[in-house]
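Below: one structure, written as structure tokens.
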Amino acid sequence: MDKILRDKARLPLSDAWSCDIPYAFKGEEYDRYFSKDRLVGAFFETLKAMGMDPESYGNITIDTEDREKKTPRAFCAPIKVPDDVKLVIKPMGGWRDYESFFHEGGHAWHFGSTDRRLPAEYRYLGDNSVTEAFAFLFNYLVNDRLWLKRYLGFEDSGDYVRFALVNKLMFLRRYASKLVYEMKLHQAKVSPELGEVYRSTLQKALRFKHTDKHFLEDVDDGFYCAEYLRAWVFEGQLRAALVEKFGEEWFLSDKAGSYLRELWSYGQKFKADELVQTVGYIELDIEPLVQEIERGLKE
């Protein structure tokens, strides 16, 4: 992070503020590899390689229309699971656009593949760590060297992958520190002193400066930050299992597609702690995620 900040914002990490981070992590030099015109096609081709024809999913509607005032950021609206799922985006191009669309695509195909015979509690409710893990699984294909080479012709992607991993690690540390702070917040009476708790907790984990002004704004409902953290852990284990079962290019295997469709069919009947046992682990374990980041940053 220190190198990225010095290169992009002319600041060492210790002098940077939270408002400097989005500027330093714009990554505009990589956007040319992520064409607006390839966005949906690359996603569809990925699904087809795993034996899933997106045209056969009449229950999933992808809205790419360029309407005035339409938000460019992708989102998934599971209106009636699994019969009516909307995936909405205003394609702009760039690596963030791809990450966002593939993330929401993971949600859409999870909800759209859920067994309609399940009770509503398992189709709509449950542990959101599960659907977020499936979203992250597709999200991080956009950072996979082999996927980038095959689908985008991005041959020498090492610098971009390291950049993406640093960005990912920053968010992991941010959400871990947010959870620490939010646990303190909900155990106390709300007072201005908690602003300093917020500032010091995030600053200790992220090493760049924070204001105390956002201590009530930067809070997720229902500890959703914990569900994101559990999703990151589960996704790391799921991807490691897919690599072990189907090889490093698991995203080209129709058997991997069948494997995922079976997991998707459960909706959110099982918690991440339970579902991880079906892919070969005893419990949620952060080690595959740590290994991925350490290995990627060394390459």
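Using a 10 Å cut-off around each Cβ, can you sort LEU13, LEU148 from fewest to most neighbouring Cβ atoms?
Numbers: LEU13 18, LEU148 23.
With the sparsest Cβ surroundings first, the list reads LEU13, LEU148.
Rounded to the nearest whole Hz, the Karplus-based 3J(HN,Hα) values (6.51 cos²θ - 1.76 cosθ + 1.60, θ = phi - 60°) of the stretch 81-89 follow the sequence 7, x, 7, 9, 10, 10, 10, 10, 7, with x at glycine and proline. By DSSP, the beta bridges lying fully in the stretch 2-298 are antiparallel in about 50 percent of cases.
Each of LEU238, GLY257, GLN268 was placed along the dipole of the stretch 236-279 (beta-carbon charges, centred on the mean Cα), and the one lying farthest toward the positive end is GLN268. What does the net charge come to around ASP15 if you take all other residues with beta carbon closer than 12 Å to its beta carbon, with K and R at +1 and D and E at -1? Surrounding charge for ASP15 is +2. The simple spin-label model puts a point 7 Å past each Cα toward its Cβ; for GLU248 and GLU121 those points are separated by 4.5 nm.
Arranged from fewest to most other beta-carbon atoms within 10 Å of their beta carbon, CYS76, CYS19 become CYS19, CYS76.
Please build a GNM for the chain, connecting alpha carbons under 10 Å apart, and tell me which residue among GLY236, GLY105, GLY195 fluctuates the most. Among GLY236, GLY105, GLY195, the largest GNM mean-square fluctuation belongs to GLY195.
Between the stretch 192-247 and the stretch 141-187, the C-alpha centres lie 12 angstrom from each other.
Based only on other Cβ atoms within 10 Å, what is the fewest-to-most ordering of LYS271, LYS189? Can you show the working numbers first?
Working: LYS271 15, LYS189 7.
Exposure proxy ranking, most exposed first: LYS189, LYS271.
Under a 5 Å amide H cut-off, with hydrogens placed 1.01 Å from N, ILE62 pairs with LEU87 among residues at least 5 apart or on other chains. With a ≥ b ≥ c the root eigenvalues of the C-alpha gyration tensor of the stretch 83-160, is it rounded (a/c under 1.5), prolate (a/b larger than b/c) or oblate? Here the stretch 83-160 falls in the prolate category. The base-10 log of I(q)/I(0) for the chain, evaluated at q = 0.10 Å⁻¹, reads -0.59 [Debye formula, identical scatterers on Cα atoms, solvent excluded].
Report summary: the helix-based calculation at 222 nm, which adds -39500 (n - 2.57) for every DSSP H run with n ≥ 4 and divides by the residues of the chain, gives -17000 deg cm²/dmol. Here's the picture: charge each Lys and Arg Cβ at +1 and each Asp and Glu Cβ at -1 in the chain, and of TYR181, LEU148, SER56 the one pushed furthest to the positive end of that dipole is TYR181. Between the alpha-carbon centres of the stretch 19-82 and the stretch 96-135 there is a gap of 15 Å. Note on the chain: with charges restricted to the Cβ of Lys and Arg (+1) and Asp and Glu (-1), its dipole about the Cα centre is near 520 debye. Other residues within the sphere of radius under 13 Å centred on the Cβ of VAL130, judged by their own Cβ, net out at -2 (K and R +1, D and E -1).
Near ASN139, within a Cβ-to-Cβ distance under 10 Å, what is the net charge of the other residues, with Lys and Arg +1 and Asp and Glu -1?
My count for the surroundings of ASN139 gives -3.
Taken together, the values in this text are just the output of simple stated rules run on the coordinates, not laboratory data. Please read these numbers as outputs of a predicted model, since none were measured by experiment. Backbone-built Cβ (ideal geometry, glycine too); neighbour counts: all protein chains shown.
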